[in-house]
Amino acid sequence: MRFYSCYAFDLDGTLYRGQEPVPGAVSKVQSLVERGAQVLYVTNNSGLTQAEYVSKLTKMGFPAGESQVVTSALAAADYCSARELRRLFVVGEPGLVATLRSQGFEVVNAPDSDLVRPSDASADALVSGICRDALSYALLDSAMQAALQSGVYVACNADLTYPLEGGRICPGSGSIVAALQACSGVTPVVVGKPAPDMLTSALGRLGVSPLETLVVGDRVDTDIECGRAAGCDTVLVLSGVAREAVEGVTCLGSVLDL
């Protein structure tokens, strides 16, 4: 396989599963950096801030800095900022709330902490991401009202599942999106992958052409479609959600095989 100027890696299922790196992934990424490649970490998971992702990656041994981490939480912030949607009702984890706050947004249902809760406060938009601990019927009810009142629903991603250690698959942000869309009738704008915007923006900041970039991920419907839409070459790895080769897609067992 040819050597690229930039490698854009998905995280969950591609470089790690839960708290465990995919075997060989750390050494492979380190070797690419040593050869002069630039590396981006492009994740649909909105649960952590850039700094928290850097901490997780570096503890595993991956070379990482905040400028290399691109998240769907940042994509949501960019979308809302461009449309001057400043007051947001959020269904998500502290990382999403903290990211939005760092970009100057008011999270109306987390007024005094990064923990979301039910609220009847008015908002310019509903924003949702993964929400594993705070999700409740009351929070869904409040979120539905926010969507109905504002008519704007921004979803960080629509991934129905994500992979963990031992081959386990857990419900993803998309399961929450499905519930909120069903009860509110408001169609969400999905800002994470497969939309290419957060990838193309990151490549623009690096000054790297999509033609010199390889996108590596474990999902065809998000990672591979995002790379294709951005004009990049792509590789599907079978270490996460995808377990079998897909016709018309370049497939490898894992990142180690790059």
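Against the list (1) of a type outside the set (Asp, Glu); (2) more than 24 Å from TYR153 (Cβ to Cβ); (3) surrounded by fewer than 18 Cβ atoms within 10 Å (Cβ to Cβ), the condition ALA25 fails is (3). Return a yes/no flag: does the stretch 138-156 have any residue that is assigned to a loop (DSSP other than H, G, I, E, B), surrounded by fewer than 18 Cβ atoms within 10 Å (Cβ to Cβ) and among the hydrophobic types (A, V, I, L, M, F, W, C). No, the conditions are met nowhere in the stretch 138-156.
Of the residues screened, GLU52 is one that is under 28 Å from SER5 (Cβ atoms), under 20 Å from the mean Cα position of the chain (by Cα) and acidic (Asp, Glu). Quick check on the stretch 211-225: of everything there that is assigned to a helix (DSSP H, G or I) and in contact (Cβ under 8 Å) with a residue 40 or more places away in the chain, which residue is surrounded by the most Cβ atoms within 10 Å (Cβ to Cβ)? My answer is ASP223.
Checking each residue in the stretch 163-210 for being assigned to a loop (DSSP other than H, G, I, E, B) and surrounded by 14 or more Cβ atoms within 10 Å (Cβ to Cβ) picks out LEU164, GLY172, VAL186, PRO188, VAL191, GLY192, LYS193, PRO194, ALA195, PRO196, VAL208.
For the criterion of being closer than 25 Å to ARG243 by Cα and modelled with pLDDT of 95 or more, VAL54 fails. Whether any residue in the stretch 87-95 is of a type in the set (Val, Ile, Thr), touching a residue at least 60 places away in the same chain (Cβ under 8 Å) and not assigned by TED's automatic domain parsing to the domain that holds GLN145 is what I want to check. So far as the stretch 87-95 goes, no, none of its residues is of a type in the set (Val, Ile, Thr), touching a residue at least 60 places away in the same chain (Cβ under 8 Å) and not assigned by TED's automatic domain parsing to the domain that holds GLN145.
The values are calculated or read from the model by the stated rules, or taken from the named source; none is laboratory data. None of the values given here were measured: they were computed from a predicted structure. Using ideal geometry, Cβ is built from the backbone for each residue, glycine included, and neighbour counts are taken over all protein chains shown.
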